[in-house]
Amino acid sequence: MTKAKYLQDTNVLAFLKWLRERQKPNGFVHEYYDGYARKNWKCASLHEAFKKYHWKGRDYAETSGTLANYSDRLIDAFTRRDLGELSTVWTEIYAWGGLGIFPFFQNYLNIHTAEDRYRELKALLAWWDDPSLNYQNDAGLKIDSALTKVYSLFLKNFVIYDGRVGAAMGLLVRRFFEDNPSLFHEKNWSEGHALYFAYGDGQRDKKGRLLNQSRDPSDEHGGISFSRLKNDWCRMQMNVKTSWIVDSVVGDKDSPFYKMADGHRAFEAALFMIGYDLGGPGHGIPSANSTPRQTPPLPPEKSLVTENGNSKPWKDEKFAARCNENYQRMGCTQSEAISRSCEEIGFSFNKMPVMFSASAGRGFREWRNKNWI
């Protein structure tokens with residue numbers, strides 16, 4: 001199925017019409033407790049969701065500037081076939097997305113050479129010139145939560161499709177069918193449906209348990225269910241379908257995103273914010289009297305930056321204090337707080353081992369002792 005055929009699908013046409021109304025004031029109300037910002041978050045439209053965007057303590061303007069820089073460098077490195085710069089910016093994109101610290105993505109960077117990545121982008125570009133949902137993927141293109149970010153910065157109008165965006169798309173589709181029940185036919189509902197979008201789970205603690213966020217947009221009672229994301233070609237299809245839908249909505253002259261130079265990225269930001277927490281299957285909007293979930297603060301007896309596995313802070317009290325401050329202010333994971341702190345003092349978090357503790361390595365301590373003021 002090509003883009004033209006997809007956008008003419010009966011369900012897709014109705015969904016696009018419905019989405020245009022959701023951009024207007026009071027067109028789409030959603031709220032949750034934001035563990036990153038440590039406060040309630042609420043929007044009354046898709047456009048307001050974009051305006052309330054934040055990531056790692058940065059607003060949309062700062063984030064979009066960072067992504068524009070990555071995009072320019074990535075495309076330039078590919079055009080000039082500068083494999084060294086291609087690897088550098090690729091790794092920086094992973095770090096920006098908070099993914100560079102995970103062994104899976106570190107292994108990808110270690111196993112795949114710069115030449116591999118260049119060939120992958122070349123195959124991706126050739127396919128994107130005339131994409132089809134039933135493409136056989138003979139080139140062996142891959143997709144996951146890291147690569148979707150790289151692809152989005154390399155291709156025009158290809159949005160980032162991660163767990164949060166997938167959750168938001170699922171919620172929008174569920175609300176659409178709730179408003180238009182005559183269009184939903186349970187017997188036709190499957191992964192191959194034009195409006196089927198998988199979601200990704202929220203954050204987990206060190207024991208692998210899900211934290212506060214609920215990102216499953218399913219409504220089992222209504223027959224609308226969604227599955228978790230898998231890194232397969234179906235995920236790429238969902239990424240493409242989302243990109244086509246966003247492109248159609250943003251291309252409407254009545255859309256508040258239309259006159260924006262980066263309207264696609266802004267709409268993607270709205271989806272990203274909505275998908276942080278859906279409130280659980282079948283709930284979506286917490287009641288006005290509900291008590292927001294609180295993200296527990298860092299216990300004072302357990303310093304964020306420890307040495308030898310005990311509560312003794314690192315000798316570098318300033319760095320430890322900065323990490324703790326970012327942890328509290330951003331409401332993020334400890335690794336993200338450390339990563340942000342490293343960025344602020346000009347140190348590349350990517351060069352650090354996965355676990356940040358006494359085993360983080362002699363190299364970092366030597367750098368710290370020489371460079372920290």
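The values are calculated or read from the model by the stated rules, or taken from the named source; none is laboratory data. In this text the structure is predicted, and so the values were computed from the model without any measurement. Quick reminder, even Gly has a Cβ in these numbers, built from the backbone with ideal geometry, and neighbours come from all protein chains shown.
Quick rundown of the values:
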| item | result |
| --- | --- |
| Helices (runs of 4 or more DSSP H) (entirely within region 1-57) containing at least 2 residues that are touching a strand residue (DSSP E or B) at 6+ places or on another chain (Cβ under 9 Å), of a type outside the set (Lys, Arg) and surrounded by 15 or more Cβ atoms within 10 Å (Cβ to Cβ) | 46-51 |
| Unique match (being at pLDDT below 95 and under 22 Å from Lys17 (Cα atoms)) among Ser132, Ser190, Ser182 | Ser182 |
| Residue in region 143-150 that is modelled with pLDDT under 90 and farther than 30 Å from Arg22 by Cβ present | no |
| Qualifying positions in region 175-199 - out of contact with any helix residue (DSSP H, G or I) (no Cβ under 7 Å at 6 or more places or on another chain) and crowded, with 24+ Cβ neighbours inside 10 Å | none |
| Test for Tyr53: is it out of contact with any Ser or Thr (no Cβ under 8 Å at 6 or more places or on another chain) and in contact (Cβ under 8 Å) with a residue 24 or more places away in the chain | no |
| Qualifying residue in region 116-129 (condition: modelled with pLDDT of 90 or more and in contact with a His (Cβ under 7 Å, 6 or more places away or on another chain)) | no |
| Residue ID - surrounded by the most Cβ atoms within 10 Å (Cβ to Cβ), chosen from residues in region 67-103 that are modelled with pLDDT of 95 or more and among the polar types (S, T, N, Q) | Ser71 |
| Region 146-161, subset free of Cβ contacts under 8 Å to residues at least 60 places away in the same chain and assigned to a loop (DSSP other than H, G, I, E, B), residue farthest from Arg235 (Cα to Cα) | Lys156 |
| Given (1) touching a helix residue (DSSP H, G or I) at 6+ places or on another chain (Cβ under 7 Å); (2) surrounded by fewer than 21 Cβ atoms within 10 Å (Cβ to Cβ); (3) among the aliphatic types (A, V, I, L, M), index of the condition Ala261 fails | (1) |
